[in-house]
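> My questions all concern the structure below.
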Amino acid sequence: MPLTFEQRLSAFPTQGLDLIRPVQLRWNAHAVPYIEAHTDTDAAYALGLVHVHLRAAQLHMMKRLAQGRVSEMLGPFTVGLDHALRLLDLSGAAARCEAQLGDHTRAWLEPFVRGLNHAQSQLKTLPPEFRWLGLKLEPWTLRDVLTLGRLAGADVNWSSYL
């Protein structure tokens, strides 16, 4: 049964938040979030919370795609896709990026990842896609986020590879 807008918003995590100062989160009539924070750290953390709240299943599907693990969700007919993605080695590239992150970038990404993980730990019910695709919650790491970024960057250029 679909949730009402109010039910959806009431499920947003509000307890045990790792914030330096209070953050104001507002939603418009189309469920578009607006985050007002006093610090970049708090803004990044709140954004991680919002991402999981709105897109937990999509994030987990994209994580598996970026890692070449689509067959875990869709079965053996996607093994070729997984093979191609693993040849791109987005995770390996992300590991090299992680090792070279500047302090300012790391200081933003780490609270974002903490926000992802906190929101995920507060989920009372998983989105139906988890059941449909046999997904399990996995903790997020900085490397996972960077791997998704590598996938997003590579996606624009895939046609030139072909």
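The values are calculated or read from the model by the stated rules, or taken from the named source; none is laboratory data. Keep in mind the model is a prediction, meaning the values are calculated, not measured. The protein model used for the area step is the full one, side chains on, heavy atoms only, and it has no ligands, DNA or RNA in it. Shrake-Rupley method; radii C 1.70, N 1.55, O 1.52, S 1.80 Å.
> How big is D, in µm² s⁻¹, for segment 1-77 by Stokes-Einstein at 10 °C and 1.306 mPa s if Rh is the Kirkwood radius over C-alpha pairs?
Diffusion coefficient, whole number: 109 µm²/s.
> I would also like to ask the following. At a 1.4 Å probe radius, carbon and sulfur cover how many percent of the accessible area of segment 1-96?
So the carbon and sulfur contribution to the accessible surface is 59 percent.
> Separate question: Using only the alpha-carbon atoms of segment 74-162 as identical scatterers, what base-10 log of I(q)/I(0) does the Debye formula give at q = 0.23 Å⁻¹?
-1.21
> Dividing the alpha-carbon radius of gyration of the chain by 2.2 N^0.38 Å (N being the number of residues), what value is obtained? Provide the component values of the computation, followed by the final result.
Numbers: Rg = 17.0 Å, N = 162, 2.2 N^0.38 = 15.2 Å.
Normalised Rg, Cα atoms only: 1.12.
> Please list ASP18, ASP103 in order of solvent-accessible area, largest first, computed with a 1.4 Å probe with all protein chains present. List each step's numbers first, then the result.
Numbers: ASP18 75, ASP103 130 Å².
Ranked list, largest accessible area first: ASP103, ASP18.
> Taking Cα centroids, how far is segment 1-57 from segment 91-118 in Å?
Using only Cα atoms to place each centre, the spacing works out to 20 Å.
> Counting only heavy atoms of protein chains, what accessible area per residue, in Å², does segment 73-145 have with a probe of 1.4 Å?
62 Å²
> Hey, what does the equivalent ellipsoid look like for segment 59-119, semi-axes from the Cα gyration tensor as sqrt of 5 times each eigenvalue, largest first, whole Å?
Here the semi-axes work out to 27, 16, 5 Å.
> Before rounding to the nearest 500, sum -39500 (n - 2.57) across all DSSP H runs of length at least 4 in the chain and divide by the residue total; then give [θ] at 222 nm in deg cm²/dmol.
-18500 deg cm²/dmol
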